[in-house]
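Student: Below: one structure in structure tokens.
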Number of protein chains: 2
Amino acid sequence: MKLDRLVGERFKEKPSDCVVDSHALMVRGGYMKFVANGIYSSFMPLKRITKKIENIIRDEMDKIDGQEVQFPVVMPASLWEESGRYSSIDNSLCRFKDRNGSPMVLGMTHEEAAVQLVREYGNSYNRYPFMIYQIQTKFRDEARPRAGLIRVREFTMKDAYSFHTSQEDLEEYYDKCYKAYERIFARAGIPETIVVKSDSGMMGGSISHEYMLLTPIGEDSIAICPDCGYRANMEAAESIIKNTRDEASEELKMVHTPDMHTIEDVCKYLDAPSEKSLKAVVYQKNATDEYVIVFIRGDLDVNETKLTNFLGENIHPAVIDDECGIVAGFIGPVNMDAECKPLILFDSSVKDTNNMVCGANKADYHYTGLDMQRDLPDAEYHDFAKIRDGGICPNCGKETIVVSRGIEVGNIFQLGTKYTKSMNMTYLDEKGESHYPIMGCYGIGVGRLAASVCEAHHDEYGPVWPMSIAPWQVHLCCMRAADEATHEAADKMYEELQNAGLEVIYDDRKVSAGVMFSDADLLGVPVRVIVSPRNLKENVCEVVTRDKTVQEKVPVENTVEAVKKLVNELMEKCRPAE
Amino acid sequence: MKLDRLVGERFKEKPSDCVVDSHALMVRGGYMKFVANGIYSSFMPLKRITKKIENIIRDEMDKIDGQEVQFPVVMPASLWEESGRYSSIDNSLCRFKDRNGSPMVLGMTHEEAAVQLVREYGNSYNRYPFMIYQIQTKFRDEARPRAGLIRVREFTMKDAYSFHTSQEDLEEYYDKCYKAYERIFARAGIPETIVVKSDSGMMGGSISHEYMLLTPIGEDSIAICPDCGYRANMEAAESIIKNTRDEASEELKMVHTPDMHTIEDVCKYLDAPSEKSLKAVVYQKNATDEYVIVFIRGDLDVNETKLTNFLGENIHPAVIDDECGIVAGFIGPVNMDAECKPLILFDSSVKDTNNMVCGANKADYHYTGLDMQRDLPDAEYHDFAKIRDGGICPNCGKETIVVSRGIEVGNIFQLGTKYTKSMNMTYLDEKGESHYPIMGCYGIGVGRLAASVCEAHHDEYGPVWPMSIAPWQVHLCCMRAADEATHEAADKMYEELQNAGLEVIYDDRKVSAGVMFSDADLLGVPVRVIVSPRNLKENVCEVVTRDKTVQEKVPVENTVEAVKKLVNELMEKCRPAE
């Protein structure tokens, strides 16, 4: 491919709407173009990258006996009504009517379609286990698309679905897929990806893991214990708090706390540490607007995912008006008799505590001396708190937790029978008894993976693509292309590199070295070969890697061999550990 | 791949909803499953076929300097408003609103997206010509999906868009693509595909061609001259009629024709041949309901595509009520003064005719002796007629036309500046003057192509896939798998065939020969290898082609070589003529 024919523009200026490097570089490098919020077109370089990623994924899925199939993008709503998700998923599920008025949806995930495809096939135990997967366009009407390909509305995804007759069999397969994913990320150039326990969210099921690339621009927070290796998405990480209880309990006493609406103000005023206070966080259920108050230790925050999972329904921060009877800023668990009859919940962090400060449900008043055991003996406690930096590791019990940011590049779920049961897929076992098969599902976003690799491997001038997914393997530069002898030598090198089976992008434009190299940096091809009048005088070509770890002059006649060797070495770097 | 692990069911009974063979066989063979009207999921065998087809297409597109890109499935309506198609296309364009209420469409074709992608890049003449293409899911909300994958709502399509600075350059590229398409269809196993001139329809532009696989189940009618090679879609074929004019013109005379509402009845009653009559065909414009009457020779039919193109707007058969003043069954061009003021049009077939019968615009009366020259001297004539079997060839002038049915497997269009103009894409030429680039576009439906190949190559037992796109190359059957020695020999053969780089599906189920062979027939793999106790006694394997043209016994130790040779020979058959 000659660079002067490559469709797409490269430019220097950072686009103002790009907040992360991968986005800015991929726009500047002519990889992608904005079409609508969270919707992009891809130019050839990105298409070449994603095709290579898809082939790596395909290869690893085939190795664990996956069968590639294809589900529709547009599905009848009736299929999603079977599973119950047509009503349970919010408006990120795109719903519309076809010309006949039939309600349809755009696939954002394909559990329903997978069950529909194999419902009849999977009617006998001897057909299990099996796994089907597809690589297909999906649409998720995200409220806040951001960061280029990191969070989009339309995306290409590999989604796989496995079917089993026992939990043991699912776990065995889950483990295979777990390892296949590790190989995929290593082959795509980010072996540093870590696996963390995650929350299963709208997918249902219990056990699930996410593959995270740690980076400050990540959207997820991950709790890591460097000591024992514990890793979990903050949404799923158990918060363990050592509660302190003073020897003697003071009396419960109402105190005047005028105009103090936050627990910080009150603690300061009363000279109490925030750990000795109860903070009230108020939500409402989406479906019914019912109020939910969580009491949590003043220095901690509520993990809304844990709360949603506990309630089994979606919530939003409460709108507190006069009618509901809740006295905002002065909410406490004692004598709480608001007219709206809120659901009262307690986080484990306040269990057995005493001498606590809390609201008195009366404007400008708080209580001191609250003793949970004495004053609220019937309280039940659950884990609703966010784990914190320096918090206790749920695995080894040390105070070692580090919270980092990460991009989720893949996920795997043990789904159980959620979909087979709701969609009535059954098989007969050896005794002729009917059961619901157990499912697993396994996803990787292709575009997000490409962007993540770019985040992990770039400098200020452009991406530094790993050899395995680079748009081309070799970037050939002809310096001073107006010089006939040089141009001829470069043309010859182009032909020879191609004949050696290498993927070459060839820049023979009559442009300055500055333009030529900045374009090459933006394309991020791992190996660069420079033919120039000066080099030719010495009968050499310069061979340079994009990351500058190799910079050598090679005799012209040995260049093709040297480049082949280098390409192979760089490819070896993308081989997963055995 | 072992057949007993292949997800999908095969069965004998023809599904009642399948009207064409390819559909029935692909459902019976476990290739596809119905999800909703015109929407299917694909099992692994079909996915393997379509991937091979896609790779053939990709290879040929790359050879003519195409650059693979990707456009979105979901696009903002604003993009389609730019081209004007948001309002001009009927409800086959799927429109909906996203979560923010922004109007969106599902891509049924991507001219708008292509222009949007390269609008800035293509700002200078020296960047031309270029071609970009994608292989992507499309959705067209067809009113009447039918015949399985022949006419669906959701489909995978290769769509390509070329951009040029002159008509000559477009034509040169168009010709390259024309030939690339011939190679694609030959490589996919249907070299018999013919190219016909077509109507450009909603795409705009003037010259366009369709690639047609002739088959009685086709949806299109094609006019072919076996003598000179002229070929055109009936929608686009010019109808040439030799008008006869009698020496003497009779007088125009009103005659009583009671209760005769069709031109056939009247001609019979008056003992006139239908060629001596004017038939009135009445339409209404979709937008305004304005009436349009076409007068055409009694023995001919109106080609509605020609009429639509002439009018520049869509039409539907008229509803004739009392108010419009048209006397149904007795409509004629003389003294036509219906209140609705219809637009009167004449087909070339009645030009210069005399002694014609026509309606008298009065119930139960017709005229005889109509002389077009004398009675309607101001009439203008246009070609609105359908070409007929035995009609005159527009190219060589002989009465040789044969009308056949065909499936459109691909199409190519010269679009002109329709999209670049409406979407304001311009480039500066060498003199610094601004112009609109000229476009071509080129489509192939991948699933329809697979189904068409199946239509062309099948027998009553299943598809007979060409080697180039077959789901597997070799189908290995182990007869009497319960016999240990046979099973071992077959296992060994399976390993050796795979080691030789062949794609093998291996059936070692303990089932009858009948079940085994009917399943093999349904999968349509071109080469079958049979290992059986009887064969092993003779130290041979049976090697049979799906089409039975090769049936031989080969010594076990030579089988792999013989199969490799046969696979290569069958692959050669899919090589396009030079």
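Student: When residues of the stretch A:48-81 are filtered for being more than 23 Å from B:Arg99 (Cα to Cα) and not basic (Lys, Arg), how many remain? Full working, then the answer.
Tutor: Restricting attention to the stretch A:48-81, the residues satisfying the condition of being more than 23 Å from B:Arg99 (Cα to Cα) are A:48-71.
From the residues that got through so far, the ones that are not basic (Lys, Arg) too are A:49-50, A:53-57, A:59-62, A:64-71.
Of the residues in that region, 19 qualify.
Rundown of residues vs (1) within 11 Å of another protein chain (Cβ to nearest Cβ); (2) closer than 17 Å to A:Arg153 by Cβ; (3) aliphatic (A, V, I, L, M), yes/no style:
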residue: A:Met44; (1), (2), (3): yes, no, yes
residue: A:Arg48; (1), (2), (3): yes, no, no
residue: A:Lys52; (1), (2), (3): no, no, no
residue: A:Ile56; (1), (2), (3): no, no, yes
residue: A:Asp62; (1), (2), (3): yes, no, no
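Student: Residue under question is B:Phe43, and the condition is that it be crowded, with 22+ Cβ neighbours inside 10 Å, at pLDDT 95 or above, out of contact with any Ser or Thr (no Cβ under 7 Å at 6 or more places or on another chain) and in the same structural domain as B:Arg140 (by TED's automatic domain parsing); does it hold?
Tutor: Yes.
Student: Where residues in the stretch B:93-114 are among the aliphatic types (A, V, I, L, M) and in contact with a Pro (Cβ under 9 Å, 6 or more places away or on another chain), which of them is nearest to B:Glu171 (Cα to Cα)?
Tutor: B:Ala113
Student: Related question: Sort out which residues of the stretch B:548-568 are in a helix (DSSP H, G or I), free of Cβ contacts under 8 Å to residues at least 60 places away in the same chain and surrounded by 17 or more Cβ atoms within 10 Å (Cβ to Cβ), and write them in order of number.
Tutor: Listed by number, the residues that qualify are B:Ala562, B:Leu566.
Student: Please state which one of B:Glu68, B:Glu13, B:Glu54 is surrounded by fewer than 20 Cβ atoms within 10 Å (Cβ to Cβ) and over 24 Å from the mean Cα position of the chain (by Cα).
Tutor: Only one candidate passes the filter, namely B:Glu13.
Student: Please determine, by comparing only the residues of the stretch A:245-264 that are modelled with pLDDT under 85 and surrounded by 12 or more Cβ atoms within 10 Å (Cβ to Cβ), which one is farthest from A:Leu311 (Cα to Cα). Walk me through it before giving the result.
Tutor: As a first pass, look at the stretch A:245-264 and keep what is modelled with pLDDT under 85: A:259-264.
Pick out the ones that are also surrounded by 12 or more Cβ atoms within 10 Å (Cβ to Cβ) and you get A:260-261, A:263-264.
Details: A:Met260: 31, A:His261: 27, A:Ile263: 25, A:Glu264: 28 Å.
Applying the filter and picking the extreme gives A:Met260.
Residue by residue, here is whether (1) surrounded by 21 or more Cβ atoms within 10 Å (Cβ to Cβ); (2) in a loop (DSSP other than H, G, I, E, B) holds:
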residue: B:Ala338; (1), (2): no, yes
residue: B:Ile344; (1), (2): no, no
residue: B:Ser349; (1), (2): yes, no
residue: B:His366; (1), (2): yes, no
residue: B:Gly369; (1), (2): no, no
residue: B:Ala379; (1), (2): no, yes
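Student: Kindly check whether there is at least one residue in the stretch A:150-163 that is under 16 Å from the mean Cα position of the chain (by Cα) and assigned to a helix (DSSP H, G or I).
Tutor: Yes, some residue in the stretch A:150-163 is under 16 Å from the mean Cα position of the chain (by Cα) and assigned to a helix (DSSP H, G or I).
Student: Hey, could you check the stretch B:81-92 for residues that are within 13 Å of chain A (Cβ to nearest Cβ) and under 24 Å from the mean Cα position of the chain (by Cα) and say which is surrounded by the most Cβ atoms within 10 Å (Cβ to Cβ)?
Tutor: Top of the filtered list is B:Ile89.
Student: Given the conditions (1) more than 23 Å from A:Asn243 (Cα to Cα); (2) within 30 Å of the chain's Cα centre (by Cα), which single one is not true for A:Gly329?
Tutor: (2)
Student: Determine whether B:Met425 is assigned to a loop (DSSP other than H, G, I, E, B) and surrounded by 18 or more Cβ atoms within 10 Å (Cβ to Cβ).
Tutor: It is true that B:Met425 is assigned to a loop (DSSP other than H, G, I, E, B) and surrounded by 18 or more Cβ atoms within 10 Å (Cβ to Cβ).
Student: Report every pair of residues separated by at least 6 positions or lying on different chains whose Cβ atoms are under 6 Å apart, first residue within the stretch B:40-56 and touching a residue at least 60 places away in the same chain (Cβ under 8 Å), second buried (at least 22 other Cβ atoms within 10 Å of the Cβ) and hydroxyl-bearing (Ser, Thr, Tyr).
Tutor: Partner pairs satisfying both residue conditions: B:Pro45/B:Tyr31; B:Leu46/B:Tyr31.
Student: Next question. Determine which single condition A:Ser22 fails, assuming it passes every other condition in (1) in contact with a strand residue (DSSP E or B) (Cβ under 9 Å, 6 or more places away or on another chain); (2) more than 8 Å from chain B (Cβ to nearest Cβ); (3) outside any helix (DSSP H, G or I); (4) over 30 Å from A:Val115 (Cα atoms).
Tutor: (3)
Student: Working only within the stretch A:93-117, note down all residues that are in contact (Cβ under 8 Å) with a residue 40 or more places away in the chain and at the interface with chain B (Cβ under 8 Å from one of its Cβ atoms).
Tutor: Answer for the stretch A:93-117, where residues must be in contact (Cβ under 8 Å) with a residue 40 or more places away in the chain and at the interface with chain B (Cβ under 8 Å from one of its Cβ atoms): A:Cys94, A:Ala113, A:Gln116, A:Leu117.
Student: Another question about this same structure. State which residue pairs qualify: first residue touching a residue at least 24 places away in the same chain (Cβ under 8 Å) and inside the stretch A:468-483, second residue of a type in the set (Asp, Glu) in any location, beta carbons under 6 Å apart, and separation of 6 or more residues or different chains.
Tutor: A:Trp472/A:Glu503; A:Gln473/A:Glu503; A:Cys477/A:Asp507; A:Cys478/A:Asp508; A:Ala481/A:Asp508
Student: Going through B:Ile222, B:Ile184, B:Ile135 one at a time, which residue ends up being crowded, with 23+ Cβ neighbours inside 10 Å and touching a helix residue (DSSP H, G or I) at 6+ places or on another chain (Cβ under 6 Å)?
Tutor: Values: B:Ile222 fails: touching a helix residue (DSSP H, G or I) at 6+ places or on another chain (Cβ under 6 Å); B:Ile135 fails: crowded, with 23+ Cβ neighbours inside 10 Å.
Sole residue among the options that is crowded, with 23+ Cβ neighbours inside 10 Å and touching a helix residue (DSSP H, G or I) at 6+ places or on another chain (Cβ under 6 Å): B:Ile184.
Student: Step by step: first the residues of the stretch B:118-128, then only those that are in contact with an Asp or Glu (Cβ under 7 Å, 6 or more places away or on another chain) and at the interface with chain A (Cβ under 8 Å from one of its Cβ atoms), then the one that is surrounded by the most Cβ atoms within 10 Å (Cβ to Cβ). Which residue is that?
Tutor: Here the answer is B:Tyr121.
Student: While we're here: Just give me the residues in the stretch B:16-33 being surrounded by fewer than 16 Cβ atoms within 10 Å (Cβ to Cβ) and either at pLDDT 95 or above or more than 24 Å from the chain's Cα centre (by Cα) (or both), in sequence order. Write out each step before concluding.
Tutor: Within the stretch B:16-33, the subset surrounded by fewer than 16 Cβ atoms within 10 Å (Cβ to Cβ) is B:16-17, B:19.
Correct list: B:Ser16 only.
Student: Next up: Within the stretch B:129-162, work out how many residues are over 16 Å from B:Gly445 (Cβ atoms), touching a residue at least 60 places away in the same chain (Cβ under 8 Å) and within 10 Å of chain A (Cβ to nearest Cβ).
Tutor: 3
Student: Taking only pairs six or more apart or across chains, which ones have beta-carbon atoms under 8 Å, a first residue in the stretch A:289-317 that is within 16 Å of A:Asn233 (Cβ to Cβ), and a second residue that is modelled with pLDDT under 95 and in a helix (DSSP H, G or I)?
Tutor: That search, which allows pairs on different chains as well, returns A:Thr305/A:Gly201.
Student: Filter the stretch A:381-402 down to the residues that are among the β-branched types (Val, Ile, Thr) and in a loop (DSSP other than H, G, I, E, B) and list them by number. Show your work before the answer.
Tutor: Step one: of the stretch A:381-402, the residues among the β-branched types (Val, Ile, Thr) are A:387, A:392, A:400-402.
The answer is A:Ile387, A:Ile392, A:Thr400, A:Ile401.
Student: From B:Gly189, B:Gly218, grab the single residue that is touching a Ser or Thr at 6+ places or on another chain (Cβ under 9 Å), more than 14 Å from chain A (Cβ to nearest Cβ), on the phi > 0 side of the Ramachandran plot and not in a helix (DSSP H, G or I).
Tutor: Numbers: B:Gly218 fails: on the phi > 0 side of the Ramachandran plot.
B:Gly189 is the lone residue from the list that is touching a Ser or Thr at 6+ places or on another chain (Cβ under 9 Å), more than 14 Å from chain A (Cβ to nearest Cβ), on the phi > 0 side of the Ramachandran plot and not in a helix (DSSP H, G or I).
Student: Of all residues in the stretch B:473-506, which are assigned to a loop (DSSP other than H, G, I, E, B) and surrounded by fewer than 22 Cβ atoms within 10 Å (Cβ to Cβ)?
Tutor: B:Arg480, B:Ala481, B:Ala482, B:Asp483, B:Ala500, B:Gly501, B:Leu502, B:Glu503
Student: Using the structure shown, decide if B:Leu522 is in contact with a Lys or Arg (Cβ under 9 Å, 6 or more places away or on another chain), assigned to a helix (DSSP H, G or I), farther than 19 Å from B:Leu502 by Cβ and not assigned by TED's automatic domain parsing to the domain that holds B:Ala24.
Tutor: Yes.
Student: Same structure, new question: Got a sec? Which of A:Ile344, A:Ile320 is within 17 Å of A:Gln373 (Cβ to Cβ) and aliphatic (A, V, I, L, M)?
Tutor: Going through A:Ile344, A:Ile320 in turn, just one is within 17 Å of A:Gln373 (Cβ to Cβ) and aliphatic (A, V, I, L, M): A:Ile344.
Student: All but one of (1) in contact (Cβ under 8 Å) with a residue 12 or more places away in the chain; (2) over 23 Å from A:Ser78 (Cα atoms) hold for B:Gly8; state the number of the condition that does not hold.
Tutor: (2)
The values are calculated or read from the model by the stated rules, or taken from the named source; none is laboratory data. Since we're looking at a predicted model, the values are computed, not measured. Positions of Cβ are backbone-derived with ideal geometry, glycine not excepted, and every protein chain shown enters the neighbour counts.
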